[in-house]
2 protein chains.
Amino acid sequence: MGNNLKAIAEELNLSISTVSRALNNTGRVSEETRRMVMDSARKHNYTPNRVAQSLRKKRTNMVGLIVPDIGDYFSQVIKGTESELSANGYSMILADSHEDPIKEANYIKLMYQSQVDALILATVSDDFRWTKIYQDSRIPVIFFDNEPDSLQCNKVVLNNIKATEIAVDHLVRLGHKDIALICGNVKESTAKFRRDGFVEAMKKHNLEVNSNLIKEGLYYLDAGYSSMEELILNKNENPFSAVIVSTYMLSCSAIHAIRDYGLSYPKDFSFIGFDIEDSDRLFSPSITSVLQPGKQIGKLMVHRLLQSIESYDSLSSDEEFSVSFVNPVIKIGESTALFKKENN
Amino acid sequence: MGNNLKAIAEELNLSISTVSRALNNTGRVSEETRRMVMDSARKHNYTPNRVAQSLRKKRTNMVGLIVPDIGDYFSQVIKGTESELSANGYSMILADSHEDPIKEANYIKLMYQSQVDALILATVSDDFRWTKIYQDSRIPVIFFDNEPDSLQCNKVVLNNIKATEIAVDHLVRLGHKDIALICGNVKESTAKFRRDGFVEAMKKHNLEVNSNLIKEGLYYLDAGYSSMEELILNKNENPFSAVIVSTYMLSCSAIHAIRDYGLSYPKDFSFIGFDIEDSDRLFSPSITSVLQPGKQIGKLMVHRLLQSIESYDSLSSDEEFSVSFVNPVIKIGESTALFKKENN
DNA sequence: CGTGCGAGATCCATAAATACA
DNA sequence: ATGTATTTATGGATCTCGCAC
């Protein structure tokens, strides 16, 4: 005895279609048979087979999410994505590319085969030929985190300019003037925007931008460490009272450098990290940090995708690609303090 | 032009089944038609529709994972689960119950409807009536983290006895004798085992167990804080040179208490936390901690499940439920130091 | 003419049985 | 008897069409 429509139909001597209509409240069914069907369904512990539904409806109610690494910041995005999806009747297939473009490509294909209704992707690749296939199948795709600037696509990205701007603002409020920046390789757009935000904010406050205080960690493996090291070693010639770091990895290694040189924040200088969440407040001193609102990013992406799915269904208007910006927030900790003369 | 078997079959004037056999290397197909089919498939960008495959094969190659909270320790389990699943050709549907038994129940039902081939669950509920439905459908289920002791089931759990034992061992090696323990409510089996492990380890080392130094954080909202507080305030009457905390949440709040009382480890006493990973080594001083090997737990669970799936397929032996224990590890940090007289 | 219901097609792929050389 | 291909049934649900009363 299978618990499918057929089982119920046979028990009640009805046709499968009638049972289906009774359960879905679609089409015409008499009140009496409806009740009988309902009862039998309860008895059989019937639940619709989603696989069969998906095949028929050409809709799986599943969305794929591919991230380079489950954990840290991405956990937040995953969490936000999942809860927003589930609130709208969708499930999430999660995949971890381990920062490997080949694995990522396999997952992209797998998600396609799995007939996901939409795909969310933090890519580590620069090959976007596959997007055509998704376009042809009208499966909306949205990018986040690493924005493929070579590609016309939907994306939700951090307002990178603001990310460093709010950090500068905070430091200026505290009286700092000589502010250093450690950013990534500015050939990547994210790093570039964050540097630009820093420069613009400095200008806005009528502060001089000392290019010796801007460290564009290039291709070093541990760019944050060496950048911080350079700043510390040249502090006499190029004094600074505060440092802003513009990515999480750079923040970690910069902190290691500070520690190795026997320095500490905010005593020797103020420090602003990036994406250092510390939600359980275990750090001491706590670290002032710019944060990407991961959950919000997840929610926003799902929102956009569901809109796309709907609009694809009704009129097939070749809509424009949407780029949404999310504002960073700054979490004030103890690593930043009022400017004191001794800092410089 | 759909990219399905039918499209290829029509193009080549073959039947759908022939095309299927050619692509799957099953049954007999002439070398010539095989090549033609392959070529056409490439041209059409054909990939099998997994939904249709699933319906036919009664196997989705998807496994459900439900956790109470995406993040922290669970991220590790999720990561381990995902990579082991994907290495075996399975995908993962991830759900976050937000510690809500009702949401959890809905997800359990949803996973069932989605026809997952197996279910992994860190439950927050004590209602296990649904397991019968899974049993009837021969869908293997495995529990972790919170073990339902009222239920005969598959589970992978931490060797909780060892978790506190290795902490005691470490402290004894450092010369500590008066060791305090903050554990959860011992009415829950996890907390009880961890307390037992502590007591046994103390006895093993011929150390006296001072019951005043064992704080079973009961139903307080912030049990870790108040337990630590009590230990500190009564340090004169009940001296100790080291503290072990047996859950992550308790560790966090215990640390807050230590900080609030102006104390620090390892100066005032040694401290061993629980599940304080700090993989990027940002803590200073770094914290010695017992860790649950989350990734390993994930991998192990998948391993067990795939075995079950296989065995269900071949002989339907009503196999016993398997309970697997995973050994905790201890990460040595700077919060534990050699015993000094001043400690007591 | 409308209400209740059933037959059959469809979604797409797989697999067993059968037909044709 | 042997290799190749087609027919047909199957999985479970949905949906259009049309038949009766």
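The values are calculated or read from the model by the stated rules, or taken from the named source; none is laboratory data. What you are looking at is a predicted structure, and each value in this text was computed from that prediction instead of being measured. Positions of Cβ are backbone-derived with ideal geometry, glycine not excepted, and every protein chain shown enters the neighbour counts. What goes into the accessible areas is simple: the full protein's heavy atoms, side chains included, and nothing from ligands, DNA or RNA. Shrake-Rupley method; radii C 1.70, N 1.55, O 1.52, S 1.80 Å.
Below is a table of values for the structure above.
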{"quantity": "Checklist (1) open to solvent by 50 Å² or more (accessible area, probe 1.4 Å); (2) out of contact with any Ser or Thr (no Cβ under 8 Å at 6 or more places or on another chain); (3) more than 19 Å from A:Gln53 (Cβ to Cβ) applied to A:Arg34, failing item", "calculated": "(1)"}
{"quantity": "Residue match in region B:92-106 (condition: among the polar types (S, T, N, Q), more than 16 Å from DNA strand C (Cβ to nearest atom) and not assigned by TED's automatic domain parsing to the domain that holds B:Cys252)", "calculated": "yes"}
{"quantity": "Residue check, A:Ala201 aliphatic (A, V, I, L, M) and surrounded by fewer than 23 Cβ atoms within 10 Å (Cβ to Cβ)", "calculated": "no"}
{"quantity": "Candidate set from region A:6-45 (those that are under 41 Å from the mean Cα position of the chain (by Cα) and either in contact (Cβ under 8 Å) with a residue 12 or more places away in the chain or within 11 Å of another protein chain (Cβ to nearest Cβ) (or both)); member that is nearest to DNA strand C (Cβ to nearest atom)", "calculated": "A:Ser20"}
{"quantity": "Any chance B:Ser308 is touching a residue at least 24 places away in the same chain (Cβ under 8 Å), over 30 Å from B:Asn61 (Cβ atoms) and open to solvent by 10 Å² or more (accessible area, probe 1.4 Å)", "calculated": "no"}
{"quantity": "Region B:34-79, subset hydrophobic (A, V, I, L, M, F, W, C) and not in a helix (DSSP H, G or I), residue nearest to DNA strand D (Cβ to nearest atom)", "calculated": "B:Met62"}
{"quantity": "B:Asp96 being over 15 Å from the mean Cα position of the chain (by Cα), of a type in the set (Asp, Glu) and open to solvent by less than 40 Å² (accessible area, probe 1.4 Å)", "calculated": "no"}
{"quantity": "Filtered residues of region B:81-100 (kept if touching a Pro at 6+ places or on another chain (Cβ under 9 Å) and more than 9 Å from every other protein chain (Cβ to nearest Cβ))", "calculated": "B:Ser97, B:Glu99, B:Asp100"}
{"quantity": "Condition met for B:Pro48 (more than 8 Å from chain A (Cβ to nearest Cβ) and either surrounded by fewer than 19 Cβ atoms within 10 Å (Cβ to Cβ) or out of contact with any helix residue (DSSP H, G or I) (no Cβ under 8 Å at 6 or more places or on another chain) (or both))", "calculated": "no"}
{"quantity": "Residue in region B:54-66 that is nearest to DNA strand C (Cβ to nearest atom), counting only those that are within 10 Å of chain A (Cβ to nearest Cβ) and open to solvent by less than 60 Å² (accessible area, probe 1.4 Å)", "calculated": "B:Ser54"}
{"quantity": "Residue selected from region B:123-146 under the condition within 16 Å of the chain's Cα centre (by Cα) and within 18 Å of B:Ser308 (Cβ to Cβ), by the criterion most open to solvent (accessible area, probe 1.4 Å)", "calculated": "B:Val141"}
